[in-house]
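The values are calculated or read from the model by the stated rules, or taken from the named source; none is laboratory data. These numbers come from a predicted model, not from an experiment. Positions of Cβ are backbone-derived with ideal geometry, glycine not excepted, and every protein chain shown enters the neighbour counts.
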């Protein structure tokens, strides 16, 4: 039997951002070893929320969310999935609660373990 190979999943810190996050998004310049989806937001909310999270020291990234099907989806602006660094998830929740009071627009449902 051959020796066990080193596998990237056993070393999550070596995976890098692109392993965790979808391509085509933008970040706030902070990085983390692991990422978690936290909220769907509209395009006009992305920049102010990324800035607020950055000021709080929370790594954040937003990428276009998966397209929804149906007539109702055709009339809605494109949503973005907001991701945060797992090491700062609690701080991200606190920051978003405060920031969403100041940022106009519609935020989607928070992502929970049950909906992922």
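Observations on the model:
- Spans of helices (runs of 4 or more DSSP H) in segment 27-116 with at least 1 residues at pLDDT 95 or above: 43-55, 89-102
- Restricting segment 13-26 to residues that are in a loop (DSSP other than H, G, I, E, B), modelled with pLDDT under 90 and in contact with a strand residue (DSSP E or B) (Cβ under 7 Å, 6 or more places away or on another chain), the residue that is farthest from residue 82 (Cα to Cα): 24
- Count - residues of segment 47-64 that are under 19 Å from residue 89 (Cβ atoms) and surrounded by 16 or more Cβ atoms within 10 Å (Cβ to Cβ): 12
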